[in-house]
1. Take segment 94-148 and flag every residue that is farther than 26 Å from K52 by Cβ and of a type in the set (D, E, K, R).
2. From the list L36, L69, L75, exactly one residue is free of Cβ contacts under 8 Å to residues at least 24 places away in the same chain and touching a helix residue (DSSP H, G or I) at 6+ places or on another chain (Cβ under 7 Å). Which is it?
3. Only one of (1) touching a Cys at 6+ places or on another chain (Cβ under 9 Å); (2) closer than 16 Å to I28 by Cα fails for L111. Which number is that?
4. Pick from segment 23-34 the residues that are assigned to a strand (DSSP E or B) and not acidic (D, E): which of them is farthest from L55 (Cα to Cα)?
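The values are calculated or read from the model by the stated rules, or taken from the named source; none is laboratory data. All values reported here derive from a predicted model rather than from experimental measurement. All Cβ positions, glycine included, derive from the backbone under ideal geometry; neighbour counts span all protein chains shown.
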Amino acid sequence: MNDINLFTIGFTKKTAEEFFSSIRSHRILKVIDIRLKNASQLSGFAKKEDLKYFLKTLCDCEYQHLPMLAPTKDLLEGYKKKKITWEEYEDEFNGIISERKIENLVSPDELNFSCFLCSEFEPDQCHRRLVVDYLSKKFVQSIITKHL
């Protein structure tokens with residue numbers, strides 16, 4: 001069994017050139033958007049239809065939106081408004097993705113040379129890291145993760 005090469009990226013604090021160059025240089029085959037809503041105003045190039053077009057045209061890369069890998073609106077708002085701590089967010093989110101059985105939504109083959117996308121610049125306090133950690137425990141193959 002081969003290892004899974006999985007990438008993650010946040011678009012905040014990145015120019016379009018930095019973002020798409022990184023996707024292209026790492027030979028990513030598919031960007032899996034794990035934001036709850038993919039019509040973000042934070043970055044013009046990261047809106048759903050624009051992003052899909054740019055990825056295909058500039059990087060020959062597929063795009064998929066999987067909001068089942070995103071936190072709920074209530075959980076996200078609770079954390080952003082500092083009603084809950086990161087540790088509480090992490091515990092609740094892990095419960096949500098476990099209940100959703102996200103390991104059945106993506107296959108190891110599908111994840112190889114894919115990249116989870118969200119908005120956070122760093123993965124430390126971001127759900128994309130939590131999704132990778134969860135899947136690492138569920139799949140037989142090892143997941144080698146690189147945060148871009």
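1. E99, K101, D124, D133, K137, K138
2. The unique qualifying residue is L75.
3. (1)
4. Looking only at segment 23-34, we keep the residues that are assigned to a strand (DSSP E or B), and these are 30-33.
Cutting the leftovers down to not acidic (D, E) gives us 30-32.
Working: K30: 9, V31: 8, I32: 11 Å.
Going through the qualifying residues, I end up with I32.
This table checks each residue for (1) modelled with pLDDT under 95; (2) over 20 Å from H147 (Cα atoms).
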| site | (1), (2) |
| --- | --- |
| T12 | yes, no |
| F19 | yes, no |
| R27 | no, no |
| K37 | yes, yes |
| F45 | yes, no |
| F54 | yes, yes |
| L69 | no, no |
| K82 | yes, yes |
| Y89 | yes, yes |
